[in-house]
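Data block below; observations after.
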Amino acid sequence: MHDSTRRSFLQAMGLGAAALGLGQTARGEEKVIQGFEKAETDTEASKHWRPVSDRKLRVGIAGYGVCRFGLAFGFQNHPNVTIAAVTDLDAGNRAELAKACQCEETYASCEEMIKDDSLEAIFVATDAPSHGRLAIAALKAGKHVASAVPAVFGSLEDADKLFEAVKTTGRKYMMFETSYFHAELHDMREMYRAGDLGELVYAEGEYYHYMDTPIPSYRGWRVGLPPQYYPTHSNAYFVGVTGGSFTEVSCMGMPSIVEHLRPENNGYKNPFGTEIALFRTDKGGMARMAVSWDTPGDSGERGRIRAQKGSYYGKFQSGHGAQPDRPMISRPPLPPGVEAGGHGGSHGYLMSEFVDAILADRTPLVDVAQSLNMTVSGIVAHQSAMKDGELLKIPQYKL
Ligand SMILES: NC(=O)c1ccc[n+]([C@@H]2O[C@H](COP(=O)([O-])OP(=O)(O)OC[C@H]3O[C@@H](n4cnc5c(N)ncnc54)[C@H](O)[C@@H]3O)[C@@H](O)[C@H]2O)c1
């Protein structure tokens, strides 16, 4: 990442490195949290954008922690959105959030904010352990909900409750899994839908993020975090391509040498910094999904697939060899003023998809079934790793 880009990222977030609680590299450069490097915005991207309606949605934003996630997806720039209220439990974060999006209505907590009848939708960008509880409460209060990943945190019961809440309220729910709009994953999904891949025989996904010292987070939820409690970036490389699910899993881990990842040093009693899951897919295929915190070097969120009609390793290759001239299928247009943003230029697309789904009254791309099929499979994978790789069945969600 260029220094100028890094600077503009921090400026755009209204932050310096100190405010982010980040360190300095050996060369004295500011370090940006992995994944927040901004993609170049294609200035042509909004040219073909057409509004679904001229209505303005009243959106409430919850959470402005270390990743400043509440505003990272660009709700504040969408022509069909008014940010009508904001909240963070921390008064300082709350004030910064309100200032950054020029919103005068603030609430002391998300629980308070969802009582505001004027709000139609809530973005839950709080700490991961609170997503499930707050999303369910907001749905029951009649709001549409977008949630940062994961949908639920380590609890199969919460998963069932969230699924029920979406079905009984009929509100829209979407998890903002950033891998879904990586250019390659988007390309794979469009090819799959067009029938150009056949079924996936084998998929691989990885989320590699070295955390010897965990990012300081609300109540320390990242300390000792079981890797497969955070499985959606990797699992998206199957679920986000086919819309399908994993039915069973055998997962293995290796006891970590990193301090906070020793079971006696974290609240999860988790001994693993890397968990490698082998899944059976709903189409009878296989997937190997990896999450790792304790292996330095080569970081990233990515994946590749081998399907009946060809393989996708950076680009599509069929039995006739690489197809260098095949252009990638373009991602949808973005509303004017909305940037593609971080995590592979995915943020703006996810937010725009959620807003469009509400305005057009249709199911959003990352619906509750896909969100839970991506999340719950990881929770069961961690259970398997704790049982030395025992093959376990995974609950299935289908709308
Ligand atoms: N690529 C990605 O998709 C990606 C990247 C980074 C972070 N995330 C997700 O974004 C979320 C936020 O990350 P973070 O690092 O900023 O978290 P954090 O722990 O630093 O901050 C959470 C914030 O939520 C606030 N909060 C907690 N409960 C609340 C409540 N009931 N009402 C109002 N505010 C409340 C806290 O005060 C805190 O400021 C996490 O869930 C994380 O998993 C996703």
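The values are calculated or read from the model by the stated rules, or taken from the named source; none is laboratory data. These numbers come from a predicted model, not from an experiment. Positions of Cβ are backbone-derived with ideal geometry, glycine not excepted, and every protein chain shown enters the neighbour counts.
Scanning the range 154-187 for residues that are of a type in the set (D, E) and either under 16 Å from the mean Cα position of the chain (by Cα) or more than 15 Å from the ligand (Cβ to nearest atom) (or both) turns up E157, D160, E164, E177, E184, D187. The set of residues from the range 301-328 being surrounded by 16 or more Cβ atoms within 10 Å (Cβ to Cβ) and touching a residue at least 24 places away in the same chain (Cβ under 8 Å) comprises E301, R302, G303, R304, I305, R306, A307, G310, Y312, F316.
Among the residues of the range 100-122, at least one is of a type in the set (S, T, Y), touching a Ser or Thr at 6+ places or on another chain (Cβ under 8 Å), farther than 24 Å from I215 by Cα and more than 10 Å from the ligand (Cβ to nearest atom). Annotation note: of G344, G303, the sole residue that is at pLDDT below 95, closer than 28 Å to G273 by Cα, among the small types (G, A, S) and in contact with a helix residue (DSSP H, G or I) (Cβ under 7 Å, 6 or more places away or on another chain) is G344.
The set of residues in the range 110-140 that are in contact with a strand residue (DSSP E or B) (Cβ under 6 Å, 6 or more places away or on another chain) and either part of a strand (DSSP E or B) or basic (K, R) (or both) comprises A121, I122, F123, V124. Checking each residue in the range 215-257 for being assigned to a loop (DSSP other than H, G, I, E, B), free of Cβ contacts under 8 Å to residues at least 60 places away in the same chain and in contact with a helix residue (DSSP H, G or I) (Cβ under 9 Å, 6 or more places away or on another chain) picks out R222, V223, G224.
Being within 9 Å of the ligand (Cβ to nearest atom) and touching a Gly at 6+ places or on another chain (Cβ under 9 Å): is that true of G224 here? Answer is no for this residue. Do we have any residue at all in the range 79-89 that's in contact with an Asp or Glu (Cβ under 9 Å, 6 or more places away or on another chain), part of a helix (DSSP H, G or I), without any contact (Cβ under 8 Å) to a residue 60 or more places away in the chain and surrounded by 19 or more Cβ atoms within 10 Å (Cβ to Cβ)? No, that holds for no residue. V366 meets each of the listed conditions (1) under 15 Å from F238 (Cβ atoms); (2) part of a loop (DSSP other than H, G, I, E, B); (3) out of contact with any Asp or Glu (no Cβ under 7 Å at 6 or more places or on another chain) apart from (3). Which of (1) within 19 Å of P216 (Cβ to Cβ); (2) surrounded by 23 or more Cβ atoms within 10 Å (Cβ to Cβ) does I122 not meet, given it meets every other one? Here I122 clears every test but (1). When L139, L197 are checked against the criterion of being buried (at least 22 other Cβ atoms within 10 Å of the Cβ), under 20 Å from the mean Cα position of the chain (by Cα) and hydrophobic (A, V, I, L, M, F, W, C), L139 stands alone in meeting it.
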